[in-house]
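To start, the structure itself, in structure tokens.
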Amino acid sequence: MDVKVLRGRVLSFLEEPQAIDDVASYRYIEDGAVVVGGGKILMIGEFNAKAAAQHEVIDHRPYLVMAGFIDPHIHFPQMQVIGSYAANLLEWLNTYTFVEEQRFADPAHSTRIASKFFDELIRHGTTTASAYCTIHPNSVDAFFGEAAKRDMLMLGGKVMMDRNAPAGLCDTPQSGYDESKALLEKWHGQGRAHYVITPRFAITSSHEQMEMAEALAREYPDNHIQTHVDENLAEVEFARELFPNLPDYLGIYERYHLLGPKTLLGHCIHLTHRECEVLAATRSVAVWCPTSNLFIGSGLFDHDRLHAHGARIAVATDVGGGSSYSMLRTLDEGYKVMQLRGQRLNPLRSFYMMTLGNARALSLEGRIGALTPGADADLVVLDARATPQMALRMEAVDSLANELFLLQTCGDDRAVAETYVMGRAMKSGLGAQGRVSALPSPLEGEGGA
Ligand SMILES: [Zn+2]
């Protein structure tokens, strides 16, 4: 077995931090070592030169070594939609997103974008994500195929949508069911792939399609479900018009038995009191997407209200409505959203959310999200002096919590010194063009023309 010792300042969360001085919520080792082998974390502890002597040692001091970041809501086909100028969600979808997603009928386009997508995640220190593909089965094949080349633990699924979208982006209740089932059977459990049943949102799925999603969820109770809810006021109104006899937007998913501990609900901004209670009672996960909510102007997620209801909360980028792949940028905007609501987000809690918190939200604790023996060796190495102004600011930083806060406030992909997937250094393998150099490039073999 190829055993490596990663030396650095090791940080891993044990529990949800309750305050900025909650030292019991994490383990921190100033001169620590994470021993990896066979794709797993074998042990963590103080660095021991004698014990390490027989293995390859990679010295990441003075950087922080943490579990890789987890992004539980992202749209891989929207890489070329980021930064599109629109007044609101429905205009943004119709003008840009639904146009772009039709290009994924082309397998070559799907593969090209999927490859760039994973390179971008690696560049930003994200080792697991839950992604929406398009309606096209080949987009799912490209997504899981490229993830498998990099051995990344990924969740994803074909979006099911049969109305209120261009004809080129609509399936039917039957074809949406058949294709989802075939893709689930093909990919789920292959290597590190997790198939997610993905009715896009209630606006683009008819009653008949929602029944088909319900049938899939019943047949495959272990699989995740992902969709959107209560993102934007006009969207909420439209959804309620489409399902007039139900109490509210979340009530639509409740009606089709799509709520539960493996259900990921993007946004959850404009929830009624009843919806908060249903969310908490079903153990469904509210996925907060701060850069997206600010960029599209959807609203300010009410973190403390949901927390008080006992609801499970995850935090995600929602690229391309979101404006950055970086979980650091995401939590920075999340911090500001909470400031505007008069709420506090302490940096320990931010970094917990990016790692163990999101792993718990995905029901993947023990496999990813923390540096524990037996877990998959997915890690990120963070440099809080990555830019001149960060280095200058670090001269005045005197605690771990303040270092994390600086990383969150000023950091981005430049602060990610390395990303490990199954114990393999991935970011340093990205070439100048941003591709994993070990992967075949479409430009290779063309004689440098
Ligand atoms: Zn989304």
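Both numbers refer to the Cα atoms of the chain; Rg and Dmax are 21.4, 70 Å. Based on the Stokes-Einstein relation at 25 °C and a viscosity of 0.890 mPa s, and on the Kirkwood radius from alpha carbon pairs, region 1-52 is assigned a translational diffusion coefficient of 203 µm²/s. Rounded to the nearest angstrom and listed largest first, the equivalent-ellipsoid semi-axes of region 268-359 from its Cα gyration tensor are 20, 15, 13.
Principal semi-axes of the equivalent ellipsoid, √(5λ) from the alpha carbon gyration tensor of region 143-200, are 24, 12, 8 Å from largest down. The eigenvalues of the Cα gyration tensor, multiplied by 5 and square-rooted, give region 102-203 an equivalent ellipsoid with semi-axes of 23, 15, 12 Å from largest to smallest.
Taking all protein chains together and a 1.4 Å probe, the residues 295, 301, 405 rank 295, 405, 301 from largest to smallest accessible area. When the surface is traced with a 1.4 Å probe over the full set of protein chains, residue 4 keeps roughly 30 Å² accessible.
For region 76-86, putting each phi into the Karplus relation 6.51 cos²θ - 1.76 cosθ + 1.60 with θ = phi - 60° gives couplings of 5, x, 9, 4, 9, 10, 3, x, 8, 7, 8 Hz, in residue order, rounded to whole numbers and with x for Gly and Pro.
Remark on residue 128: its backbone amide H falls under 5 Å from those of 71, a criterion applied only to residues 5 or more positions apart or on other chains, H modelled at 1.01 Å from N. Among residues other than residue 49 with Cβ under 14 Å from its Cβ, the summed charge is -1 (Lys and Arg +1, Asp and Glu -1).
Only Lys, Arg, Asp and Glu carry charge here, each on its Cβ (+1 for the first two, -1 for the last two); on that basis the chain has a dipole of about 760 debye about its Cα centre. Using 17 Å as the cut-off for backbone N distance, which residues of region 161-175 belong to the label zone defined by a point 7 Å from the Cα of residue 218 along Cα→Cβ? Within reach of a label on residue 218: 173-174.
In the complete set of protein chains, residue-level accessible area for residue 345 is approximately 0 Å², probe 1.4 angstrom.
Quick one: net charge of residue 122's neighbours, Cβ under 9 Å, K/R +1, D/E -1?
Summing Lys and Arg as +1 and Asp and Glu as -1 gives +1.
Quickly estimate the mean residue ellipticity at 222 nm for the chain, helices only: each DSSP H run with n ≥ 4 gives -39500 (n - 2.57), and the total goes over all residues, rounded to 500. Value at 222 nm, helices only: -9500 deg cm²/dmol.
Since only 155, 143, 132 are under comparison, the one whose Cα sits farthest along the positive direction of the charge dipole of region 19-162, derived from C-beta charges on Lys, Arg, Asp and Glu, is 143.
Converting phi to 3J(HN,Hα) with the Karplus coefficients 6.51, -1.76 and 1.60 and the offset θ = phi - 60°, region 2-15 yields 7, 9, 10, 10, 9, 9, x, 8, 8, 9, 8, 7, 10, 8 Hz in sequence order, with x at every glycine or proline. Summing +1 for each Lys or Arg and -1 for each Asp or Glu among the other residues whose beta-carbon sits under 14 angstrom from that of residue 139 gives -1. Of the two radii for region 18-98, the radius of gyration is 1.23 times the Kirkwood radius, both from the alpha carbons; that is the Rg over Rh value. When the C-alpha to C-alpha distance is required to be over 22 Å, the pairs from 4/50; 116/149; 116/158; 158/427 that qualify are 158/427. Once the convex hull of all Cα atoms in region 128-171 is built, its volume per residue stands at 56 Å³.
On the chain, 53 percent of the accessible area sits on carbon and sulfur atoms, based on a 1.4 Å probe. Spatial offset of region 269-286 relative to region 341-368 amounts to 19 Å, using the alpha carbon center of each. Its alpha carbons give region 165-282 an Rg and a Dmax of 14.3, 43 Å. Cα centroid separation, region 92-149 to region 153-168: 12 Å. Taking 37 °C and 0.692 mPa s as conditions, region 20-175 diffuses translationally at an estimated 176 µm²/s according to Stokes-Einstein applied to its Kirkwood radius (Cα pairs).
Solvent exposure of the chain amounts to 37 Å² per residue of accessible area, where only protein heavy atoms count and the probe is 1.4 Å.
The values are calculated or read from the model by the stated rules, or taken from the named source; none is laboratory data. All values reported here derive from a predicted model rather than from experimental measurement. Note that each Cβ is placed from the backbone with ideal geometry, even for glycine, and that neighbours are counted across all protein chains shown. What goes into the accessible areas is simple: the full protein's heavy atoms, side chains included, and nothing from ligands, DNA or RNA. Shrake-Rupley method; radii C 1.70, N 1.55, O 1.52, S 1.80 Å.
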